[in-house]
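In what follows, a structure is listed as structure tokens, so that the remarks can point back to it.
The values are calculated or read from the model by the stated rules, or taken from the named source; none is laboratory data. If you're wondering where the values come from, they're calculated on a predicted model, not measured in any experiment. Methodologically, a virtual Cβ is constructed for each residue, glycine included, from the backbone with ideal geometry; neighbour enumeration extends over all protein chains shown.
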Amino acid sequence: MSESILSTDEIRLRLINLEYKDLNKKDFEKEIKQIYLEEYGEILPANIEIIHSRDSKNSEVTSSDYNGTAVYFHSKEKDINELYIISQGTQDGADWEYNLKAMFAGKDFTQAKSANKFTEEVIKEIDNNGELTVTGLSHSLAHNNNTTAHLIYDTFDEIYSVNGAQTNYYQLFNADRDFRREIMNNFNLSRTNPDAIYNLDPKQLETFAKEYYKDKATNVHQLISKDDPLYAVSGARGFFTIGDVKYVDTNPDLPGLRNLMDEIPDEVIKDFQELAIDYTVASKKGGTNAAIQEIIGVNMDLVNEIDDIGSAVKVYFTKQGEIDAMVHGLNDKLPGVLSRIKTVTGNADVIFGRLVNAGYITEEQKNTLVTELTAIEVELDGIQETVSRLTSIRDMGDFYAQLGGDAAAIIKMKRHYNSIMESFEELNNEDLLAAMEQSAKAIVYLRCLKVCLIRRNHILVQIWFIRLTVAERKFE
Amino acid sequence: MRYWLTALLAIFIVLLGGCQMDQEKSTKPAEMSVEDLPDVRAFQDDFTREFLQSTKETKEGYYPFLSGTGAYKMDFPAGGIVGEKGYSKKQKEFESYLVGIDEGNGFESSIKIDYYSKIGQTSTELEMLSSQFNQKLDFESYDENNITISLAKFEDDEKTIGAVGLLEHKSTQEGLSIIYESECIRSVEDCKTEKIEMQNKIKQWVNSIKFVKNDESDEEQ
């Protein structure tokens, strides 16, 4: 077959962008014809059929969070028989939840499966016995979906992506049995330890994954802006970049975010990943307060009920069991979280200092960030101290001492918690936000780290991420 | 007369004892203190213990397991643990994890279990399972406990064997896939005969999986 109908980066990008406009079939078709005319100066020499994944006959595709559109170009006379699957990138909260699970924690692969199922369904539907080429087009999360599907199921002949969320070897370990087996054999992992892969050296895993999938990688083509936040995090453990990649420096005045992210020690990234894993494990029961409780051990619902000593005593008598559980939870969990926060504050100069040098944030803003982060650390330290004192009072076995100790501790904790929230208010200061938004998208990921940690409201995480995606879509 | 009284008393004691035993049985393993739990890997692991429903064996070497979605039950091997870091669950729609097992018979195994509240067409699902293998899989299909099971045995090398299965509920859209692989850690010679036994063990284990929603009339809300 001759050259494919969408032969340039420009036209492919314009089609990917079209997918975000939520057009009906008729308008979608009209737009494609218009774009073709503008790009090539001639009328589209093929018929078009459009199929949306939301119209799929398979309810497991329509009920999943995956979204995509199939565009089928065909013409007998012109020997054109090409199918394009445009998978949609991150759109809503559900997608960001998937991002955390799939991309950072590497545990969910359902959208990749749906991408493959939708493609297979369309291929069957348009069955025409001809030699059909199937191409995946993708941006952001969709690159992870399309490429993961391709690596496991051979879904596409070619994949073209822009600013993609890269494939993740932890995710493929969970989703692709042959890859899992090769990793186990190659690194001599015992089958008896299901989490053994998380102890392996990320660099070695990355090299191994690239080598393992190298044949399929030749069909993957990527266009990446050096200022894209997904590129900035693509050096984090888990991610591996495959295919032929064209890097574009879209903002030559700044050094690019990736260099900055790369200087953040792997330990910090690892802590972030652990937090992402904790978060997804915890949120399995639904509800953010439950997730926060799981991570730091503070029962937010309980703490929010307390205003003074009176309500503290009331809560104490009516919610004995929950308080017991909380004290134990805090004792178990807090030290781990604290040490992770300390990793971040301990590396504050590396992280924020580099952002200042590169002109992403001002010295003053850096100071605010460091001060507030340190303040949060101090408060968490305070909570930990309160808890350990509390456990010793409880060990005395004197009920009244315990009551007094618990009530006082709850109020203290509430005070610490309020201070933490004040720090967040400080961090939410408009100037700082604006500076961060326009200049340092990477810092969003750092903020997310804190937000995931302590903030009650999961939505905030999503808003940050959504802001990020909106900022990303600049290739119109 | 005194004899009857003693006998009556004895019966009461037995009955009371019985009641207490019942109470013990109904306590979830996750709520029991560690020293009361069976001294096997499955119970020693905090995360795995959460899924186990009782310390009473379902059959030798297996304990009752309820999935995190509450959608299916199965026999869980005493020597197994559920990987916490790789564990994933999305509400009641999806659950996926890897189990690592010290079989105690010279085999080390892993089982990958993926549950979907809505699974795709059989042919597509089997194709997607097959594409994760370098070898051709021959699926054999049979019915068990209101489930259609498609099962294919495989052999990677002289020491590693296993089975891939797709389990589809006959009256709901639920389904799950399993990949059970076992590596014989003895000499090649010893492994020869053991492999056949291990394959049988795998098949029996697959047949222990039951969906909680047993038919359409069950729990329809």
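Listed values, structure above:
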read-out	value
Top-ranked residue in region B:139-163 [being assigned to a strand (DSSP E or B) and within 14 Å of chain A (Cβ to nearest Cβ); ranked as nearest to B:Glu183 (Cα to Cα)]	B:Thr160
Residues located in region B:145-167, provided they are exposed (fewer than 14 other Cβ atoms within 10 Å of the Cβ) and in contact with a helix residue (DSSP H, G or I) (Cβ under 9 Å, 6 or more places away or on another chain)	B:Glu155, B:Glu158
Counted residues, region A:187-207 - those being part of a helix (DSSP H, G or I) and either aliphatic (A, V, I, L, M) or surrounded by fewer than 19 Cβ atoms within 10 Å (Cβ to Cβ) (or both)	8
Subset tally (residues that are modelled with pLDDT under 90 and more than 19 Å from A:Asp22 (Cα to Cα)) for region A:58-75	3
Any hit, region B:90-102, residues being modelled with pLDDT of 95 or more, more than 9 Å from every other protein chain (Cβ to nearest Cβ) and touching a Pro at 6+ places or on another chain (Cβ under 9 Å)	no
Residue within region A:188-202 that is on the phi > 0 side of the Ramachandran plot and within 12 Å of another protein chain (Cβ to nearest Cβ) present	yes
Some residue of region B:118-138 being surrounded by 22 or more Cβ atoms within 10 Å (Cβ to Cβ) and more than 9 Å from every other protein chain (Cβ to nearest Cβ)	no
Flag if B:Glu60 is surrounded by fewer than 16 Cβ atoms within 10 Å (Cβ to Cβ) and within 12 Å of another protein chain (Cβ to nearest Cβ)	no
Top-ranked residue of region A:76-85 - restricted to ones that are more than 18 Å from A:Glu19 (Cα to Cα) and of a type outside the set (A, V, I, L, M, F, W, C), ranked as farthest from the other protein chains (Cβ to nearest Cβ)	A:Glu77
Residue in region A:216-232 that is under 29 Å from B:Phe107 (Cβ atoms) and either buried (at least 17 other Cβ atoms within 10 Å of the Cβ) or more than 22 Å from the chain's Cα centre (by Cα) (or both) present	no
Yes/no for B:Ser177 being within 26 Å of A:Gln171 (Cβ to Cβ) and away from chain A (no Cβ under 12 Å)	no
Some residue of region A:238-247 being within 14 Å of chain B (Cβ to nearest Cβ) and either surrounded by fewer than 23 Cβ atoms within 10 Å (Cβ to Cβ) or in contact with a strand residue (DSSP E or B) (Cβ under 7 Å, 6 or more places away or on another chain) (or both)	yes
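Quick grid of which residues meet (1) in contact with an Asp or Glu (Cβ under 8 Å, 6 or more places away or on another chain); (2) crowded, with 23+ Cβ neighbours inside 10 Å; (3) not hydroxyl-bearing (Ser, Thr, Tyr):
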site: A:Thr119; (1), (2), (3): no, yes, no
site: A:Gly130; (1), (2), (3): no, no, yes
site: A:Ala142; (1), (2), (3): no, yes, yes
site: A:Ile159; (1), (2), (3): no, yes, yes
site: A:Tyr169; (1), (2), (3): yes, yes, no
site: A:Asn185; (1), (2), (3): no, no, yes
